[in-house]
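In what follows, a single structure is set out as structure tokens and then discussed.
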Amino acid sequence: MSDRKNMFSKTEKAFILQCIKVYKSLPALWDIKSKDYRNRRKKNDAYAILINKYREKHPKATREDIIRKFYVLRTNFRKELKRINDAKRNGIDVEKPTLWYFKMTQIYKENENRKEIKKDNTCQIVKEKITIEKRKKNAQDELTGFACECLKSNENEIDWRDPWLAALLTFHIAITMTALMTRNHANFQIILFLVLLLLVYFSESINEVAATNWMVFSRQQYFDSQGWFISIVFSVPILMNCMIMVASWLYQSSQLMTSLKRAQLRQQAINRQTNGEATNERTIARPRQSDGEATNVRTAARPRQSDDEATNEVTAARLKHE
């Protein structure tokens, strides 16, 4: 804690406190209940005032520097507030805040309390809905409902016009179109399917990196520790694209099996027709063979009859002679 106290000189501390005062006088930058908070023009004007103040000591400071500076201040305030709240819950005597600008950043405390209350109320509503509809919905429906409720509770705080959100939406649409247009290219679809699953698998790591470096590409911090936001805007659409690809594969497989079955039935019909013709030819050939055999029998019987007659004549001639 002593390192934190001695990190800044007295002059630097005094200047930071002055900047915090200016920051407190500009609700468009921190008061989420203010109408100016969602007004981009007024927010830009407020940043311009704060930048002019900060440039009194740091002439080359930019808006990104201001955002990064107050992000650090807010993070330290949250850590200190969490330490105090944990101590109160555990029944431990709370010492005075060790953060030297803690009192000056009490504006953050109200926002934190609002978020906590909103989160508790939302979770309570969701739990009640899940309990009522538990017999009607499976586990996946419950998870999706909870995620949707959490996203709905924060929709007023999300600027959907952020360029990176528009780019993410374009990415999902491009993936869907690619999956549909390449449905006849099995190898490409397998590679695409595996890449999408890897993106979902590493979504937690992506969320951590985005939460650390959100100021580089986003106007606000959306990436919570539970990962609900990135699950809704990143993982769920990717999984839906994967389901579309699987459905396409199943449809093509059913079509292929139907074609194979039809070809098999057609071949069996041809085989039956060929066997029937061969059987008819053998049936016709058999009577002809029987007629030939009868003729041969009659022909062979005639010489035998002549021999008997000759024998009878000889016998009769001998009797006359005697």
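The values are calculated or read from the model by the stated rules, or taken from the named source; none is laboratory data. This one's a predicted model, so the numbers in the text were calculated from it and none came from an experiment. All Cβ positions, glycine included, derive from the backbone under ideal geometry; neighbour counts span all protein chains shown.
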Check on residue 282, in a helix (DSSP H, G or I), at pLDDT 60 or above and surrounded by fewer than 10 Cβ atoms within 10 Å (Cβ to Cβ) = yes
request  = Specify the residue that is nearest to residue 215 (Cα to Cα); the eligible residues are those in the stretch 35-66 that are among the basic types (Lys, Arg) and crowded, with 16+ Cβ neighbours inside 10 Å.
outcome  = 43
task = Could you check, for the stretch 172-180, whether at least one of its residues is in contact (Cβ under 8 Å) with a residue 24 or more places away in the chain, part of a helix (DSSP H, G or I) and either under 30 Å from residue 28 (Cβ atoms) or hydroxyl-bearing (Ser, Thr, Tyr) (or both)?
result = yes
ask   = Has the stretch 25-34 got any residue that is surrounded by fewer than 17 Cβ atoms within 10 Å (Cβ to Cβ) and assigned to a helix (DSSP H, G or I)?
value = no
request  = Look through 200, 246, 233 and report the one residue that is over 30 Å from residue 65 (Cα atoms), crowded, with 16+ Cβ neighbours inside 10 Å and among the β-branched types (Val, Ile, Thr).
outcome  = 200
remark   = If we keep only residues of the stretch 216-271 that are small (Gly, Ala, Ser) and touching a residue at least 60 places away in the same chain (Cβ under 8 Å), then the residue nearest to residue 62 (Cα to Cα) is 231
